[in-house]
Amino acid sequence: MPTAARLKEVRDGAVAKILAAWTDRGANDAVAGVYRIDLDASNLTGRKVFVFPVSVAGRQVDRTEDENDYALGVWVVERYEPQGDPPDAWLDDRLAWVEWLWRTLGNPRGARLLADPGEPNSGLWPAVAEITAAYDHDELAEGKLFASVLTVIYREHVEGP
Amino acid sequence: MTRLSAGAAALIRRQQAGATTGAALTYTRVGGATVDLTGKAWPGRSAPRRNPVPDVRGGAVVVSDRDFLIPVADLATAGTPFQPARGDRLTDATGGAATVYEVIAPTGEKEWRFTDQTNTVYRVHCKRVA
């Protein structure tokens, strides 16, 4: 059966995967696994990525194996700091970055998450990866924030009880 | 001067005397022109809000809203009056450290409105940006 503890491991594994892939991070850019976060829009600098554990689900595949799903929410947020509204080019760059993140987390042919090097079929792969909200219009209009949400469901097969 | 406009002028003087702090308050237009509003404008409603992220439970953006009340007659550069516009900024030096607000409309509202029937004071909606 899937467990909440495993969900936290998957969340932290996704954080590590993003950190490893995002090699051109700026000084104020950051990635964190969180349960809840209140972000003060007035002093936000850099691009922040927060990974939330969302849900777990499982089913029996056959007599020996279970299939477990772990859903994560990924929140990408960045404030446009100069005076006035962000130009389209600034938003284009952020959307392109979100697409890169979606491809990074959602590539089913890439290295598996939390794989055991000694077990070729261990680890989790992305069964579903979606850009749930490309950007939040209200946050953009009201707070000059680029805020995007991705949802990724990681799947693994484990030996049943 | 009608009794109504005289009353409005008296109200403005009373608000300026009582609500302004004497700290430097500067209005900066998007183009860079500035207006010194020290002792002329005063802060109004301040309403911090918490906006939950719709698609992720647990995430929220905390926004610090602040209105500024600015006499129409004082919002002018080189004698030419202008109306508040999205993207303009107010820098408030109350307490020593400068706090910067930007003119941004709340959802469903305009950036500013008149506070009185004689159109003598702007209520300008701002959000803290620094």
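General remarks:
This table checks each residue for (1) open to solvent by 20 Å² or more (accessible area, probe 1.4 Å); (2) under 30 Å from A:F52 (Cα atoms); (3) part of a loop (DSSP other than H, G, I, E, B).
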| position | (1), (2), (3) |
| --- | --- |
| B:A60 | no, yes, no |
| B:V63 | no, yes, no |
| B:D67 | no, no, no |
| B:A85 | yes, no, yes |
| B:G108 | yes, no, yes |
| B:D116 | yes, no, yes |
| B:N119 | yes, no, yes |
| B:R123 | yes, no, no |
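- Qualifying residue in the stretch B:71-80 (condition: in contact (Cβ under 8 Å) with a residue 24 or more places away in the chain, in contact with a helix residue (DSSP H, G or I) (Cβ under 7 Å, 6 or more places away or on another chain), away from chain A (no Cβ under 11 Å) and outside any loop (DSSP other than H, G, I, E, B)): yes
- Matching residues in the stretch B:20-50 - criterion: being closer than 14 Å to B:D67 by Cβ, open to solvent by less than 40 Å² (accessible area, probe 1.4 Å) and free of Cβ contacts under 8 Å to residues at least 24 places away in the same chain: B:A47
- Of all the criteria given as (1) more than 14 Å from chain A (Cβ to nearest Cβ); (2) aliphatic (A, V, I, L, M); (3) closer than 21 Å to A:L44 by Cβ, the one not satisfied by B:V121 is (3).
- Test: residue in the stretch A:127-141 that is surrounded by 20 or more Cβ atoms within 10 Å (Cβ to Cβ), polar (S, T, N, Q) and within 14 Å of chain B (Cβ to nearest Cβ): no
- Scanning the stretch B:105-120 for residues that are hydrophobic (A, V, I, L, M, F, W, C) and either at pLDDT below 95 or in contact with a Cys (Cβ under 6 Å, 6 or more places away or on another chain) (or both) yields a total of 1.
- Some residue of the stretch A:79-92 being over 16 Å from the mean Cα position of the chain (by Cα), among the polar types (S, T, N, Q) and over 30 Å from B:E111 (Cα atoms): no
- Between A:G13, A:G84, A:G46, the distinction of being at pLDDT 95 or above, at positive phi and not basic (K, R) belongs to A:G46 only.
- The strands (runs of 3 or more DSSP E) falling completely within the stretch A:36-96 that include 2 or more residues that are buried (at least 19 other Cβ atoms within 10 Å of the Cβ), without any contact (Cβ under 8 Å) to a residue 60 or more places away in the chain and more than 10 Å from chain B (Cβ to nearest Cβ) map to A:47-60.
The values are calculated or read from the model by the stated rules, or taken from the named source; none is laboratory data. Keep in mind it's a predicted model, so treat the numbers as computed, not measured. Backbone-built Cβ (ideal geometry, glycine too); neighbour counts: all protein chains shown. Ligands, DNA and RNA are stripped out before the accessible areas are found, and what is left, the full protein with its side chains, is counted by its heavy atoms. Shrake-Rupley method; radii C 1.70, N 1.55, O 1.52, S 1.80 Å.
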